[in-house]
Amino acid sequence: MRPTARGHSDVRPRGLSQYVLKVHSRCDLACDHCYVYQHADQSWRERPREIAPETVRAAATRIAEHAREHGLRRIHLVLHGGEPLLLGPVRLAAVLNRLRATIEPVAELDLRMQSNGVLLTPRLCDLFAAHGVRVGISLDGDAAANDRHRRFAGGASSHAPVRRALALLRRPEYRHSYAGILCTIDVRNDPIRVYEALLAEAPPRIDLLLPHATWNAPPSRPDGTATPYADWLLRIYRRWVRDGRPVEIRLFDSLLATAAGGRSGTESVGLDPADLAVVETDGAWELADSMKTAYDGAAGIGLDVFQHPADAVLAHPEFVGSQRGLSGLCRTCRQCPVVAQCGGGLRAHRYSDVGGFDNPSVYCADLKELIISINRETATDATPAGVAVPTGPGGDLLLDGLPTGDLLEDLGAGHGSMTSLRRLAAAQLGYVRGLLVELADRVAGTPTASAWELLARLDEEAAEAVSAVLAHPYLRRWARQCLAHRAGKTSERAHLAGVAAAVAIRAGVVADLEVPVRSGLVHLPGLGALALDEPGERSALLSIAGGGFTARAGPSVVVVPAAGHAPPPAAWRPVRRAGLDGWEILVEDLDPYRDCYEWPAAARLDPAALASWQRSLAAAWARIQREVPGQAPGLRAGLRAVTPLRTDPTGRLRSATSRDAFGAVGTVAADPDALAVLLVHEFQHVKLGALLDLTVLFDRAYPGRLRVPWRDAPRPLEGALQGTYAHLAIADIWRARPGAEAGEHYRRYHGWTARAIDRLAGTGALTEHGQRFVRQMGETLHSWPDER
Ligand code: SF4
Ligand code: SF4
């Protein structure tokens, strides 16, 4: 479906595509861990036992009309209870007929059922096969494990009847109706025996569920260890991996998917927005069933299918609250290194009487341990996209536990592979996302809030476009600047609308946004700027569609067509690039936040100056590839923009980087030989700055300053480390250049770097990570000769 979005108050939320329909509110089992009957919510007592035909009709009609209005192509609906099979084959057939007849003319209907299986018969299986219903069965493992909780009211075992149901579903004629097994964990059960018992039932998929718990009623930790659930799950995980992953295990698959930047596909982990509504047997619309564990009535929202459309659910504050992704989590979660994978766990598990849902999961320690261990054990070359990095400059997030691979050694050796740079870039992206979440709080209730809503929505529908825009080097500087001023600076914050507009244009969606005009320009990061000939106007209205937009400010109307569709108007100033032998970088001479270096940024380049820059950059890149090929992959993965700086009248070659502008290097114009050195030198600072955002390399409280050979005055430790790392790369480039002068440069830089490494190592102020990093620099340097 082509995503559409509108700014201001016209942001239409995505429709609901997943439903649970409670067809029977009682059960033939009496499991003592059941959230329906044994936990806080007791609303089942007031509900009709069976769903009435008119309730089914009303629910089906609401779902169909909602699918039609939102253009939903596929609806997922689970028949649930209590125990749905208690409805019996005749009434179940009537329910299925009604659902198919009402919903299928509008959308494809994926029908499922979750059952304890006790009452499953061949006749019911025939019915499900005829209606394409896939059945999931609850089973907690072998007989001992299962019967720990899953028993009849009189205490009799349910294991044998449940296994009979599974055997039925394994028959060839019913196999396609077999959805899988749902297993609730009890850490007193042996995990491997549970795994083997479940595997023996040949399910297409296994769901391992943490038992529902809250901070008010925490989970049982029988052996007193800190992370018994993680330990239990990890034993299964390792065996599953050793077995070659013979079956889908949703929790593990979700964590692996989110580690690679994908969606979790489940409400249990990850940041996927809630997309599910429940219809109870009395027709009440409710939130996800797991909420019943939080407190009595927690799932209720006071709406029903007779009076309220599904849109009312979507707009309900409780539902909206459960959909907010990262911004809906507590501060601890928002700053957590694994939040992109964990998502704060199941919402219900965050509940406490004191903080409501504004807490980490009561399973926080287990989730963190599980995710970190899985990430560590699957440490591959994959970029941990989406891993949010909680701390910025001065932060103390350690790399331990993140999928670091050999990041420290790889960067410390002086170059940095494409993989390492992608990891740094992913971490920076996570950091910028975290800043935007903070900014969202600041713009709440202001006109800019609609830009945040649009951005949050596009993050679900056009995540690539969001990431592409948020990766612009100067967005971090802008966001930090905004956050540094609690009051005022409204115009700075309004730039968020320009960010959202840039995403909407990239994504090709429809949106209306009011964007700020700064010095006569509307800035769209990474795309360009539009000059408006209306000096008095502080804002413009952008109507975005199909990759282009129309800007209105006062009497002016300017149409900027989608790139490549028609010539742009003269008022449009696009960003421009330099092609570097198969890839390209921005020549950033437009962004309003680029002027962040000690030496001022140059103004917009005229065509001749731009062409000169493009030629110099291409030639410098050719030299880098030839002279220091080890630097090329990292540069290619991490360098995004070169910002021209104003020429120094003294002729000094000025270049700079900012910790707040990952991927950008500022430099004056220079000949290709010098430009190659400047780029390699400055990119060392980019890499080390990003690494310092991730880990602590030295004691920040270290009071001393270090004498370095290239400066008269002693340097603070960070400055000395940065200089040493940069000089290692400069030595590398002079090592490759011919001629006596280059040889002399090499000898000097080699000596400087060697002495600085010794002094750094001698401070006693390096952390373990710092020692590894500096040791690696030393090993690289000592593998080169002192003189060429
Ligand atoms: S079978 Fe399911 S609904 Fe029935 S008591 Fe057990 S957990 Fe509850
Ligand atoms: S591991 Fe804990 S802090 Fe981190 S996101 Fe999950 S619940 Fe929140």
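The values are calculated or read from the model by the stated rules, or taken from the named source; none is laboratory data. Please read these numbers as outputs of a predicted model, since none were measured by experiment. As a convention, Cβ positions derive from the backbone with ideal geometry for all residues, glycine included, and neighbour counts pool all protein chains shown. Accessible surface is based on the protein model in full, side chains and every heavy atom, while ligands, DNA and RNA are left aside. Shrake-Rupley method; radii C 1.70, N 1.55, O 1.52, S 1.80 Å.
Taking the chain as the reference, fit the longest principal axis to its C-alpha atoms, fit the long axis of helix 495-507 to the helix C-alpha atoms, and give the angle between the two in degrees, 0 to 90, nearest 10.
Computed tilt is about 70 degrees.
Find how much the distance from ALA566 to ARG242 grows on full extension, using 0.36 nm per residue of separation minus their present alpha carbon separation; answer in nm with one decimal.
Result for the pair: 111.0 nm of gain on full extension.
Mind checking which aspartates and glutamates have their C-alpha under 16 Å from LYS687, skipping anything on the same chain fewer than 8 residues away?
ASP406, GLU409, ASP410, ASP660, GLU718
So for the chain, averaging the separation of alpha carbon pairs under 8 Å that are six or more residues apart and normalising by length, what relative contact order in percent results?
10
Could you give the dipole magnitude of segment 1-131 about its Cα centre, charging the beta-carbon of Lys and Arg +1 and that of Asp and Glu -1, in debye to the nearest 20?
So the magnitude is around 400 debye.
How far is the Cα center of segment 183-239 from the Cα center of segment 53-119, in Å?
31
Return the long-range amide H neighbours of VAL20 (sequence gap of 5 or more, or a different chain), with a cut-off of under 5 Å between placed amide H atoms.
It is VAL78, ALA277, VAL278, VAL279, by chain and number.
Select from segment 541-618 those GluC sites (Glu not before Pro) which occupy a DSSP coil region and have at most 11 other Cβ atoms within 10 Å, ordered by residue number.
Of the GluC sites (Glu not before Pro), the ones in loops of segment 541-618 whose Cβ has at most 11 other Cβ atoms within 10 Å are GLU598.
Which percent, nearest 5, of DSSP beta bridges in the chain are antiparallel?
The antiparallel fraction comes to roughly 55 percent.
Taking the Cα centre of segment 68-202 as the origin and placing charges on Cβ (Lys, Arg +1; Asp, Glu -1), which of TYR174, PRO89, LEU119 is farthest toward the positive end of the dipole?
Farthest along the dipole direction, towards plus: PRO89.
What relative contact order, as a whole-number percentage, does segment 681-766 give when Cα pairs under 8 Å and 6 or more residues apart are counted?
Normalised by residue count, the contact order of segment 681-766 is 33 percent.
Work out how much length ASP648 to ASP126 would gain on full extension: take 0.36 nm times their residue separation and subtract the Cα-Cα distance, in nm to one decimal.
179.6 nm
Roughly how many debye, to the nearest 20, is the charge dipole of segment 288-384 about its Cα centre, given +1 on each Lys and Arg Cβ, -1 on each Asp and Glu Cβ, and no other charges? Walk me through the numbers before you get to the answer.
Numbers: 8 positive and 11 negative charges, 62 e Å.
Roughly 300 debye, rounded to the nearest 20.
Arranged from highest to lowest average of other beta-carbon atoms within 10 Å per residue, in what order do the peptides 491-500, 447-456, 144-153 appear?
The densest-packed peptide leads the list: 491-500, 447-456, 144-153.
Could you tell me how many degrees, from 0 to 90 and to the nearest 10, lie between the Cα long axis of helix 768-782 and the main elongation axis, the longest principal axis, of the Cα atoms of the chain?
50
Can you compute the FRET efficiency between ARG615 and ARG552 using 1/(1 + (r/R0)^6), with r the Cβ-Cβ distance and R0 = 35 Å? Round to the nearest 0.05.
0.35
Tell me, what is the FRET efficiency for ASP606 and THR378 to the nearest 0.05, using R0 = 45 angstrom and their Cβ-Cβ distance as r?
FRET efficiency, ASP606 to THR378: 0.30.
Can you list residues from other chains, or at least 5 along the same chain, whose modelled amide H is less than 5 Å from the amide H of ILE585?
ALA578, LEU580
With angles folded into 0 to 90 degrees, how steeply does helix 228-242 sit against the dominant principal axis of the chain? Use alpha carbons for both and round to 10.
So the inclination is approximately 80 degrees.
Given the peptides 514-522, 677-685, 37-45, arrange them by the average over their residues of other C-beta atoms within 10 Å, most packed first. Intermediate values should be presented prior to the final figure.
Numbers: 514-522: 19.9, 677-685: 23.0, 37-45: 16.9.
Result, highest mean Cβ count within 10 Å first: 677-685, 514-522, 37-45.
Which order do the peptides 721-734, 562-575, 164-177 take when ranked by the mean count of other beta-carbon atoms within 10 Å per residue, highest first?
Values: 721-734: 23.9, 562-575: 13.4, 164-177: 16.4.
Ranked by mean Cβ neighbours within 10 Å, highest first: 721-734, 164-177, 562-575.
Okay, which of segment 594-623 sit inside 14 Å, backbone N to the point 7 Å along the Cα-Cβ direction of GLU584?
What the label zone holds, given the 14 Å backbone N cut-off, is 611, 614-615, 618.
Testing the spin-label approximation: label points 7 Å from Cα along Cα→Cβ at ARG164 and ARG263. State their distance in nm.
Result: 4.0 nm between the two label points.
What percent does the relative contact order of segment 417-523 come to when contacts are Cα pairs within less than 8 Å and at least six residues apart? Walk me through the numbers before you get to the answer.
Numbers: 82 pairs, mean separation 31.7, N = 107.
Rounded, it is 30 percent for segment 417-523.
Amide H neighbours of LEU182 under 5 Å, counting only residues 5+ apart in sequence or on other chains, H built in-plane at 1.01 Å?
Result for LEU182 returns ILE137, SER138, LEU139, ASP207.
Taking each pair of distinct Cα atoms in the chain once, what is the resulting Kirkwood hydrodynamic radius in Å? Write out the running numbers ahead of the final one.
Numbers: mean 1/r = 0.0342 Å⁻¹.
That comes to 29.2 Å for the chain.
Could you do me a favour and compute the accessible area per residue for the chain, 1.4 Å probe, result in Å²?
40
If you place +1 on the Cβ of every Lys and Arg and -1 on the Cβ of every Asp and Glu, how big does the dipole about the Cα centre of the chain come out, in debye to the nearest 20? Intermediate values should be presented prior to the final figure.
Details: 91 positive and 89 negative charges, 134 e Å.
With Lys and Arg at +1 and Asp and Glu at -1, about 640 debye.
Take the alpha-carbon centre of segment 573-641, take the same for segment 723-773, and report the distance between them in whole Å.
Value for the Cα centre distance between the two parts: 26 Å.
How much FRET efficiency would the formula 1/(1 + (r/R0)^6) give for SER491 and HIS176, where r is the Cβ-Cβ distance and R0 is 60 Å, rounded to 0.05?
Numbers: r = 60 Å, r/R0 = 1.00.
The pair SER491/HIS176 has a calculated efficiency of 0.50.
Applying the Karplus parametrisation 6.51 cos²θ - 1.76 cosθ + 1.60 with θ = phi - 60° to the phi angles of segment 573-588, what ³J(HN,Hα) value in whole Hz is obtained for each residue in order, glycine and proline being reported as x?
Residue by residue, segment 573-588 yields 10, x, 5, 10, 10, 10, x, 10, 6, x, 9, 8, 10, 6, 9, 8 Hz.
Check the chain for me: any Cys whose beta-carbon has no other cysteine beta-carbon within less than 4.7 Å?
CYS27, CYS125, CYS183, CYS330, CYS333, CYS336, CYS342, CYS364, CYS482, CYS596, each lacking another Cys Cβ under 4.7 Å.
Taking the simple approach of a point 7 Å from Cα along Cα-to-Cβ for both ARG45 and ARG98, what is their distance in nm?
It works out to 2.8 nm between the two label points.
With a point put 7 Å past each Cα toward its Cβ, work out how far ASP758 is from ALA226 in nm, to one decimal.
Each label point lies 7 Å from its Cα, and together they span 4.1 nm.
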